[in-house]
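What follows is a set of notes on a single structure, which appears directly below.
The values are calculated or read from the model by the stated rules, or taken from the named source; none is laboratory data. Everything numeric here is computed off the predicted structure, so don't read it as measured data. Virtual Cβ from ideal backbone geometry, glycine too; neighbours counted across all protein chains shown.
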Amino acid sequence: MRTEISRRRVLHLAAGAALIGAPAVWRGALAQSRPLRPTPSQTEGPFYPLDIPDDHDADLLRHGALVTTRGTPATVEGSVVDLDGRAVRGAVVEIWQCDVDGVYNHPGDPRRHDPAFQGFGRTPVDAEGRWRFRTLRPVPYSGRTPHIHVKVRLGPRELLTTQLYVDGDPGNERDFLWRRLRDDERALITVPFRPAADGVRATFPIVVRA
């Protein structure tokens, strides 16, 4: 099973990297030759913000004047394209996750949240459909493997809500939501977090029905 998932993941990430970096015309040709599968949806969970915080930019490592110094910094980036490989212009990507202690910045989580970690971010895609966040490498908490919640909007429409997982994390096999997915679906939302000069880096290409 692991070999098959890894092979599918390599193919998907290679196609995603090509879509992120290639010119629009070439991306369209690539998509026509390799039909794209939509990114699987997953539950929103209980900790989506009740009210969008004032500070909700793409740098979750800074919260107002505070800068978090705990955890492993991560750059998470990707693109949003439709089933034909065309950039979904005007899309907005949101992420939210717990802090390094496994605590969400949400009234439904009564524990003390790291005040320097923003916890939620929102960014528009560029003309090529690309997006990027600075955040923390996700950590486990009771009952869940490390993950980042992801939502894609286009105007008033919600195109996708899903969760992003860390490739190779030992908690994945025990996570009830990850285990519900088929092998091919897991490969689309489970990506490597690779060492980088500024922490770790992950690429997450998103395909939506727009």
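This table checks each residue for (1) at pLDDT 95 or above; (2) among the aliphatic types (A, V, I, L, M); (3) closer than 18 Å to residue 132 by Cβ; (4) surrounded by fewer than 16 Cβ atoms within 10 Å (Cβ to Cβ).
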position	(1), (2), (3), (4)
40	yes, no, no, no
62	yes, no, yes, yes
65	yes, yes, no, yes
95	yes, yes, yes, no
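Can you confirm whether the range 181-193 contains a residue that is hydrophobic (A, V, I, L, M, F, W, C), touching an Asp or Glu at 6+ places or on another chain (Cβ under 6 Å) and within 19 Å of residue 37 (Cα to Cα)? I'd like the intermediate steps shown before the answer.
Narrowing the range 181-193 to residues hydrophobic (A, V, I, L, M, F, W, C): 181, 187-189, 191, 193.
With the extra rule that they be touching an Asp or Glu at 6+ places or on another chain (Cβ under 6 Å), the set shrinks to 191.
Among the residues that remain, those that are also within 19 Å of residue 37 (Cα to Cα) are: 191.
Yes, that holds for at least one residue.
Of all residues in the range 108-163, those satisfying the criterion of being under 21 Å from residue 72 (Cα atoms), of a type in the set (Gly, Ala, Ser) and modelled with pLDDT of 95 or more are 116, 119, 121.
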